[in-house]
Structure formats: structure tokens, C-alpha cells
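Enquirer: Pasting in a structure now, in C-alpha cells, and then I'll have a few things to ask.
The values are calculated or read from the model by the stated rules, or taken from the named source; none is laboratory data. If you're wondering where the values come from, they're calculated on a predicted model, not measured in any experiment. Cβ placement follows ideal geometry from the backbone for every residue including glycine, while neighbour counts extend to all protein chains displayed. For the accessible areas, the whole protein counts, side chains as well, though only heavy atoms, and no ligand, DNA or RNA atoms are used. Shrake-Rupley method; radii C 1.70, N 1.55, O 1.52, S 1.80 Å.
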Amino acid sequence: MGSNTLASIASFLRAWLGRSRMEHDMDREMRFHLEARAADLESQGMSRPDAERHARQEFGDVIRWKEAGREARGLAVVDDLGADLRYAVRTMRRSPGFTAAAVLSLAVGIGASTAIFGLLDLLLLKRLPVRNAHELVHVTTAGERGDMHSGSSNYPWFQDVSSRTDLFSDTMLVRHDVYKVGIHGSLDPLTGQRVTTNYHAMLGVQALRGRMFTAADRPESGAPPVAVISYALWQRRFAGSADVIGTSITVDKKPHTIVGVTPPEFRGILVGWTMDVTLPLDTSEFMQPGNWSTTPLIARLKPGVDVQLAQHQLDPMLARFVATNKTTERFRARYLQRTYVTSAATGITDLRAQFSTPLRLLMVAVGVLMLIACVNLAGLLLARNATRQHELGMRLALGARRGRIVRQLLTESTAIALLGATLGVALAIRGGNALVELLPEYFGPLSMQLVADSHVLAFALVSTIVTTLLFGSMPAWQASQIAVLPALNRSGSRTATTRMRTGRVLVVAQFALSFVLVAGAFLCLRTIMNLAKVDTGFERERLLVVRIDPQGTDYERDRLRAMQREMLETLGGVPGVQHVTFATGTPFNGNVDGRRLSIPGVEPRETDDTIIQVNLIAPGYFDALQVAIVSGRAIDERDREHTRRVAVVSEAFARRYFGEAAAAVGRTLIINRGPKPIPHEIVGVARDIRYQDLRRPSERIAYLAWFQADDVRLAQFEFILRTEGDPANWIDITRSAMRQQRPDLPILAIETLSGVINTRLLSERLLAMLGTFFAAVALALAAVGVYGLLANLVTRQIPEIGVRIALGARPGEMVWMTVRESLVLVATGAVIGIAGAATGLRILEGLLFGLSPTDIVNLAVAALILVLVALAAAFVPAWRAATVDPLVALRAE
């Protein structure tokens with residue numbers, strides 16, 4: 001920036017900030033010149049009045065010289081802008097209906113786009129509040145296809161990665177979980193993490209109170225257990241007391257001493273949740289090379305090293321590691337073929353994998369909606385400017401420049417856009433936080449909140465500028481091109497014809513864009529309907545699920561089994577409960593367990609044949625879920641401790657290993673877990689169940705008797721109740737019965753199974769719900785557009801209609817004349833929209849189920865909806881055309 005430019009800016013700022021003083025100085029200077037000249041003329045013999053008059057004549061227009069002074073300092077632009085804004089406000093107040101329609105249209109468009117952007121920002125864009133976040137990367141591994149990232153690590157691999165000091169300046173491990181935390185005698189499940197002790201130092205997070213971890217806190221060195229808590233937990237459970245440092249809490253029954261509190265802006269690197277409790281990770285648990293666990297490995301790149309270089313260097317390292325360390329062949333094939341190094345500047349979260357694609361698609365949808373709103377407003381402005389032709393012609397006749405007219409009209413558009421943006425941001429904050437509440441709570445309640453921060457406000461501002469240019473420029477330019485004399489004479493049929501032609505083009509564009517949104521929304525709705533009709537293999541209605549987490553409690557081994565039997569009896573006695581059971585893996589809870597398998601007499605054909613999904617179940621499981629036993633029997637009360645171990649397998653299992661269901665009964669499968677293989681007799685074959693994904697066929701699964709197992713993992717399990725009616729009505733009754741019997745029972749959640757399935761379909765439901773809303777708004781805007789065009793057309797044709805009716809035309813013909821115009825517009829828009837949908841809706845292909853983007857039924861229904869909307873919008877103009885009084889029409893002519 002040059003010195004002249006800086007001087008000009010400084011002059012403007014001085015003049016603007018000292019406006020009153022500048023005006024005073026100009027007045028004083030001009031008076032001085034006038035008085036000096038008058039005194040000079042008076043000395044030449046003129047009288048004082050004549051001298052003053054001649055001085056003013058020679059000096060010229062004082063106001064013009066002041067304007068020149070203001071313009072030289074850049075203040076004329078500010079004055080003009082102020083005048084334009086005041087005039088725009090008066091104009092909007094004179095047309096409250098137009099103003100309200102325009103502001104609401106923009107508010108919905110800007111609000112929807114800002115809300116979706118806000119969620120994208122929270123999940124994908126916002127950087128962690130840590131030191132040099134751009135240097136952080138997530139090191140993970142994947143199979144050869146690269147579509148299944150493990151998200152896992154173990155300590156030997158971590159040590160190998162840490163040794164690459166040429167690539168990374170520091171590395172750490174983080175393991176997120178839910179812990180049973182005892183504070184002041186109360187036991188609560190809290191989100192937390194176990195981390196290597198360099199965690200806070202690597203991120204550059206300083207303690208708000210106390211201290212962060214040091215190398216001396218490593219559990220494997222025998223250090224006393226310590227904990228760092230979040231600012232939120234400090235305020236919530238300790239009332240912000242300074243005495244919190246040194247306080248003892250229990251985490252999964254083990255005492256820990258609080259040594260520090262993190263600052264309020266830092267919540268951890270897992271986006272969406274606040275890590276209330278942070279503990280040092282005991283790395284000795286991960287020393288075995290084959291013991292991989294879901295423990296993200298985070299590294300900090302050294303200056304000059306990028307993601308591609310780091311990944312290129314780590315790939316051969318992983319190959320050597322796999323070759324020299326023992327892992328299962330299946331795990332190597334699926335997860336240990338190559339490394340993936342991705343940026344962790346914005347943190348890590350499972351929410352991204354599930355919602356990044358739907359949110360991006362919704363961003364495209366709201367972009368289309370914004371374009372429709374802009375087209376609609378451009379049409380409204382064209383119609384309104386047509387009523388102002390006399391005013392604009394008069395201003396041109398009085399000397400106004402056409403550029404000045406354009407600026408005035410753009411100022412009015414900007415004022416409308418700013419009002420719409422202000423209301424839109426308010427709607428975005430409320431709507432965005434409502435969408436946040438819909439997101440699944442993997443680790444407990446989400447701690448994300450959409451606020452009007454700099455990112456959101458910047459996006460809203462850019463949206464406002466873009467929309468102002470989109471809907472304001474063309475009407476402003478066209479209005480400035482009017483001929484002066486026809487405008488003053490209130491004629492101008494040529495201008496009106498051009499305006500009508502432009503209006504038709506805009507309405508066709510609205511219908512075409514609306515068609516794409518309607519077709520896309522209908523595809524999403526039909527996908528949800530198709531998924532709802534999928535045969536899951538069990539009866540999903542009237543099922544209540546109670547999730548229990550015994551980890552970190554006193555419920556272990558015999559006490560756990562005693563509690564389970566007691567609860568089966570207690571819940572079975574609740575009025576209205578028909579069946580009750582429990583299992584480690586109910587459908588769609590993602591908790592089935594993979595185990596090594598061998599079958600005497602059956603040779604595995606591929607690696608996957610040696611791994612089987614196992615579900616530990618209690619008696620009554622198949623009755624509760626209403627799963628048919630196609631051969632043999634179910635697991636029942638006979639299958640207890642110290643009896644012959646039995647298994648029920650799925651039809652897919654039986655077909656894979658034995659060819660048919662009946663052939664499986666009586667055969668033996670061997671579970672290879674621990675030092676001693678455990679044989680199980682297959683006593684039954686159950687109908688296939690879709691356990692994890694409604695879109696995928698049922699997996700091979702083996703059901704084992706819980707009360708026979710001696711290797712039960714101390715992990716979450718679920719009671720399952722089949723009720724007589726809506727299971728939601730039994731939630732409070734069930735909780736009360738369980739708490740009354742066992743007050744310390746670690747209940748994580750009680751929910752209906754249909755609700756669990758709906759959560760799994762949240763991406764599809766979000767697309768269908770918001771897509772339908774956007775399509776409905778688009779249709780409403782299109783209806784307004786066609787109504788405005790037809791109403792204007794009928795108004796112009798009233799004399800012609802009167803003549804036709806006077807000559808014998810029937811009202812029905814007048815109706816058809818108006819409706820035909822509407823149908824021509826919608827047909828043209830639909831044809832363009834079909835071409836756009838056939839191309840644009842392919843982005844939905846991966847999310848559809850049982851449908852294609854070019855589904856004929858879908859396109860036909862979308863076209864029919866547009867026709868109905870067009871007919872509804874044409875009703876009032878058509879009725880008006882049919883009821884024109886010929887005498888009134890001819891008199892008006």
C-alpha cells in the first residue's frame with residue numbers, strides 16, 4: 001500500500017472522526033474569504049451591501065464548494081450512503097408486505113445455510129484451542145482397500161512411530177472411555193480419557209489450577225494415581241472451590257488425587273464431548289505386539305514435514321513391524337496394510353464419518369434454496385420497480401445519473417439483506433443447536449454448542465453480500481435503463497414486455513431448481529421408508545432395552561450373575577412385560593464380539609472363516625426378539641454352569657459351514673479364546689438377524705449361553721423387555737423397579753429398540769427431514785413467484801379480457817388462459833429440472849437404498865407436485881380473470 005493511499009485513508013479518518021470541527025473550519029474559512037473580498041471591494045469605493053453581494057457572486061455556490069471539500073476528503077460517499085439508507089428505510093416502510101416477504105425469504109435461506117455451515121464448522125473446520133494445532137496429525141492404519149481404518153494402536157507400534165524424530169517432534173496416545181467416578185460419595189458415569197503423560201505439554205495446555213501431568217506420574221513406574229479434571233466438572237461438582245487440588249476421587253473404584261484443572265476453552269481432542277476426567281495411561285497394558293486397541297496415536301509434525309512425507313516414510317515401517325510382530329492374519333489383512341496420516345488440527349471424532357457427507361449434501365441443498373430465494377426476490381424487485389418507473393424517470397429527468405439510481409436500488413437491496421441476515425443468524429443459532437441435540441451421544445451428552453462466533457458471522461456476512469448481488473443487481477440495472485419520456489408519460493409497453501419476459505425466465509428457473517430439491521427430498525424420504533420395511537429377522541416393535549455397564553463397580557463374577565438372575569425375575573414380574581432376557585449384543589448396539597473359530601471336519605476356505613461374531617445371551621432371548629428357530633432348539637434354562645456347553649447359530653453360519661440348517665444341529669464348533677479351546681455343541685439354528693446395518697445382509701453369528709461362559713468380559717450388556725404396548729410407557733416403571741431392587745445398579749440408558757434403530761438412521765433421517773423442509777420452502781417461494789407473475793399479467797390484460805368477455809368469451813376460457821400460462825412455466829421448469837436432477841442427484845447415490853437418482857416414479861411425483869403447486873398459485877389470478885366486469889374493464893381502457 002503506497003504512501004499516497006495511506007495519506008488518503010488518514011485524511012478520511014481525521015475528517016470523519018472530526019466531522020463537526022471540519023464543518024466549522026470550512027464555514028470559518030469561507031467567511032474569511034468572503035469578508036476579505038468584500039473589504040477589498042469596499043476599499044475600491046463600493047458600498048458594503050454591494051461589496052458583499054459581488055463577493056458572493058465571485059465566490060460562487062457555497063454549498064457546492066462545501067460538497068467539493070467533503071468529496072475531497074471522501075465524506076461525500078458517506079453522506080450519500082446515509083441518504084440512500086434513510087430513503088431505503090422510508091421505501092420499505094411504504095411497502096411493508098413486500099419488505100416482510102423479502103426479509104423472511106432471506107432469513108430462511110441465510111439462516112438455514114448458516115446453521116448447516118455452523119455444524120460443519122463445529123465438526124470439520126474449527127481448530128483445537130491448542131498450540132500450533134496445524135502441526136497435529138492422527139496416525140492410524142488401514143487395509144489394502146483403505147476403506148476400513150482401524151483407529152487402533154499398541155505400545156510397540158507407538159514406540160516405533162515415536163522413534164522417528166526426523167518426522168515428529170512429539171507423540172502421544174489417547175484412549176477415550178466412560179468411567180464410574182466417585183465424588184463426595186456419589187458414583188456417576190463421566191466421560192474421560194487415559195493419556196500418555198506428555199499429553200498436556202505436547203498440546204501446550206496450561207493448568208488453570210494446580211498442574212498438568214509430568215513424566216513422574218507414569219503408572220508403570222509405580223507413581224500414585226492422579227487425575228486432571230475439566231473446568232466444567234470443577235464448576236459442576238466442586239462449585240469452583242480452590243481446595244479442589246489434592247481432593248481424592250475414585251475412578252472405577254480406584255482412588256485418584258486431583259492435581260489440576262484444565263482451562264474452560266479446552267475440552268480435549270475428541271470433538272463433541274468434554275473430557276471430565278483425564279488419567280495417565282498405563283502403557284504396560286499395551287506392551288504385547290498383538291494387543292491392538294482403540295487408542296488414537298497423535299503426533300506433532302516437525303517443521304518442514306508434511307502429511308504426505310510422513311505417510312510415505314511410515315508405510316515401510318509398518319510392513320517391517322507386521323513382519324516381525326505377531327498379529328492375526330485377518331487383522332493384518334483388514335487393518336495393517338498401510339498407514340494413514342491425517343490432520344488432527346480440528347480434533348478427532350466418530351461424528352465426522354457419520355455426518356460429514358450428509359452435512360455437505362445439506363449445504364448444497366441450502367445453496368440451491370438460497371439461489372431460489374434470490375431468484376424469487378429478483379422477481380419481486382422487478383415487479384416493485386415497475387411501479388416506480390414514474391419516480392425513477394423523474395429523478396433521471398432532474399439530472400440523476402443512472403449509476404446513482406443503481407446505487408440507490410442496491411442500497412435498498414442491501415438493507416433488506418441485512419435485515420434478513422440478522423434474523424437469519426438468530427434462526428441459525430436456534431436451529432443449529434436443535435440439530436446438535438439430534439446427534440448421537442456415544443460418550444454421553446454432547447458438549448458442542450453453536451454460537452455467533454467470528455466464523456458464523458463471517459459466513460453470514462459473505463452470504464448477505466452474495467445474495468445482495470444475486471437478487472439486487474439485475475433488477476437495479478434494468479430499472480436504471482428505462483427511457484425518461486415514456487416513464488414520465490406512464491407508458492412504456494416495451495419495458496413492461498421486457499419485464500414480463502424476464503419474470504417468466506425467473507419463474508422457470510425457480511421451478512427448475514425447486515424440482516431438484518423436491519426430487520432429492522422425495523428420494524431421501526423413500527429411502528427411509530425402504531429401510532423401515534427391511535426384514536430384520538426379528539420383531540423390532542414393543543422392545544425396551546436397558547443398558548448396564550458393570551465396569552468400575554462391585555458387580556463382578558458371582559455377584560454380577562446373581563444380580564442378573566434377580567433382575568430377570570424382578571422385570572419379569574412388572575405388569576405388561578411379556579418376555580425379559582439379556583445379552584451382550586442386542587441388535588444395533590454394536591457390541592457383538594469377534595472370536596477365533598474352528599469346526600472339526602470343516603476346512604476354512606478363507607481367512608474370514610476362522611473368525612465368528614459371538615453373542616452371549618440369557619434364556620428367553622429368541623422369544624423376546626421373536627426370532628424363529630428354524631432347526632433344533634433355543635438356549636434355555638437347561639443351559640447353566642457345569643452343563644455341556646451349547647450354541648445356537650444363524651442360518652448364514654449354517655449355510656456357510658454345513659450347507660444347510662438341519663446339517664448344523666449336533667455338530668461341534670470350537671471357540672479358541674484363552675489357553676484352552678472350548679467346544680460347543682450346536683443345538684439349534686436361528687433365523688438370520690441384521691445386527692449392525694439395515695443395508696447389509698445378516699452376518700454369521702453364534703449365540704452362546706451367558707450362564708455357561710467362564711470368560712465373560714466385564715463389559716456392557718443389555719436387558720431386553722417385550723411389552724404389551726408402546727415400550728416407552730414402561731421406561732419409568734422399569735427404572736423404578738430396578739432402582740428399588742438395586743439402588744447402585746449402573747444403568748447407562750433405557751430406550752426403545754426402535755429408537756436405537758432410528759439413531760442408526762440419523763444421517764438418512766436428517767437428510768430427509770431437512771431436505772423436505774428446504775423443498776417445501778422452495779415450493780412456497782416458487783408459488784409466490786408464479787402468483788406474482790400471473791397477477792401482474794392479469795392486471796395488464798384486464799382491458800383485453802373485458803373485450804373478450806364482451807364479445808362472448810366464456811369465463812372458463814379466461815381461466816384456461818391464465819392456467820395455461822402457469823402450466824407452460826412449470827412444464828418448462830420441470831424439463832430443465834429433470835435434466836438437472838438426473839445429473840445433480842447422483843451425489844445422493846451412496847445414501848440411497850433400493851432407489852436410483854433417476855428413478856422414474858420419483859421424477860414423475862416431483863413433477864406432479866410442481867404442477868399442483870403451480871395450479872394452486874394460479875387459482876387467484878385465474879379466478880380474477882374469470883370474474884372481470886366488461887364495463888369496468890372497458891372503462892379503465
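Enquirer: Any idea which of LEU297, ILE269, ALA227 is furthest toward the positive side of the dipole for the range 146-304, if Lys and Arg beta-carbons carry +1 and Asp and Glu beta-carbons -1?
Expert: ALA227
Enquirer: Per the Debye formula with a single identical scatterer at each Cα and no solvent contribution, what log10 I(q)/I(0) holds for the range 197-323 at q = 0.14, 0.16, 0.19 Å⁻¹?
Expert: Debye output, listed in q order: -0.76, -0.93, -1.15.
Enquirer: Can you give the accessible area of PHE32, probe radius 1.4 Å, in Å² rounded to 10?
Expert: 130
Enquirer: Kindly write out, for the range 837-846 in residue order, the coupling ³J(HN,Hα) from the Karplus curve 6.51 cos²θ - 1.76 cosθ + 1.60 (θ = phi - 60°), rounded to whole Hz, with x marking Gly and Pro.
Expert: With the stated coefficients, the range 837-846 comes to 5, 4, 8, x, 7, 5, 5, 8, 3, x Hz.
Enquirer: Same structure again: With +1 assigned to the C-beta of every Lys and Arg and -1 to the C-beta of every Asp and Glu, and no other charges, what is the dipole magnitude of the range 183-339 about the Cα centre in debye, to the nearest 20?
Expert: Dipole of the range 183-339, to the nearest 20 debye: 300 debye.
Enquirer: Tally up the carbon and sulfur contribution to the accessible surface of the range 533-632 as a whole percent, 1.4 Å probe, everything protein left in place.
Expert: Roughly 40 percent of what the probe reaches on the range 533-632 is carbon or sulfur.
Enquirer: Apply the Karplus parameterisation 6.51 cos²θ - 1.76 cosθ + 1.60, with θ equal to phi minus 60°, to every residue of the range 170-177 and state each ³J(HN,Hα) to the nearest whole Hz, in sequence, with x for glycine and proline.
Expert: 6, 9, 8, 10, 9, 10, 8, 6
Enquirer: Please identify the trypsin sites (Lys or Arg not before Pro) of the range 555-649 that satisfy two criteria: DSSP loop assignment and at most 12 other Cβ atoms within 10 Å. Which are they?
Expert: Passing sites in the range 555-649 are ARG605, ARG638, ARG640, ARG644.
Enquirer: Trypsin sites (Lys or Arg not before Pro), restricted to the range 700-759: which are DSSP loop and have at most 16 other Cβ atoms within 10 Å?
Expert: Hits after loop and neighbour filter: ARG713.
Enquirer: Turning to a different aspect of this structure: Could you look at the range 634-764 and say what percent of its accessible area is carbon and sulfur, using a 1.4 Å probe and all protein chains?
Expert: 47
Enquirer: What list of ³J(HN,Hα) values in whole Hz, one per residue of the range 120-134 in order, does the Karplus curve 6.51 cos²θ - 1.76 cosθ + 1.60 (θ = phi - 60°) give from phi, with Gly and Pro shown as x?
Expert: 4, 5, 4, 8, 10, 10, 6, 7, 5, x, 10, 5, 6, 4, 5
Enquirer: Taking only protein heavy atoms and a 1.4 Å probe, what accessible area per residue, in Å², does the range 582-724 have with all protein chains in place? Write down the numbers at each step before the final one.
Expert: Values: 5840 Å² over 143 residues.
With all protein chains present, the range 582-724 gives 41 Å² per residue.
Enquirer: LYS253: which lysines have alpha carbons under 23 Å from its alpha carbon, excluding same-chain residues fewer than 8 sequence positions away?
Expert: Counting by Cα, and skipping residues close in sequence, LYS253 has these lysines nearby: LYS180.
Enquirer: Extension gain SER473-ASN729, at 0.36 nm per residue separation less the Cα-Cα distance, in nm?
Expert: Length gained between SER473 and ASN729: 86.4 nm.
Enquirer: LYS326: which lysines have alpha carbons under 22 Å from its alpha carbon, excluding same-chain residues fewer than 8 sequence positions away?
Expert: List returned: LYS676.
Enquirer: For the range 211-279, which trypsin sites (Lys or Arg not before Pro) pass both filters: DSSP loop (anything but H, G, I, E, B) and at most 14 other C-beta atoms within 10 Å?
Expert: Working: sites: ARG211, ARG236, ARG237, LYS253, ARG267; in loops: ARG211, LYS253, ARG267.
Those satisfying the criteria are LYS253.
Enquirer: Then there's this: Ordering GLU135, GLU637, GLU603 by how much accessible area each has at a 1.4 Å probe, largest first, what is the list?
Expert: Ranking GLU135, GLU637, GLU603 by accessible area, largest first, yields GLU603, GLU637, GLU135.
Enquirer: Just the accessible area for HIS680, please: 1.4 Å probe, Å², rounded to the nearest 10?
Expert: 10
Enquirer: In addition: Starting from the amide H of ALA749, placed 1.01 Å from N in the peptide plane, find each other amide H under 5 Å away whose residue is 5 or more places distant or on another chain.
Expert: Those qualifying (amide H under 5 Å, at least 5 residues apart or on another chain) are ARG547.
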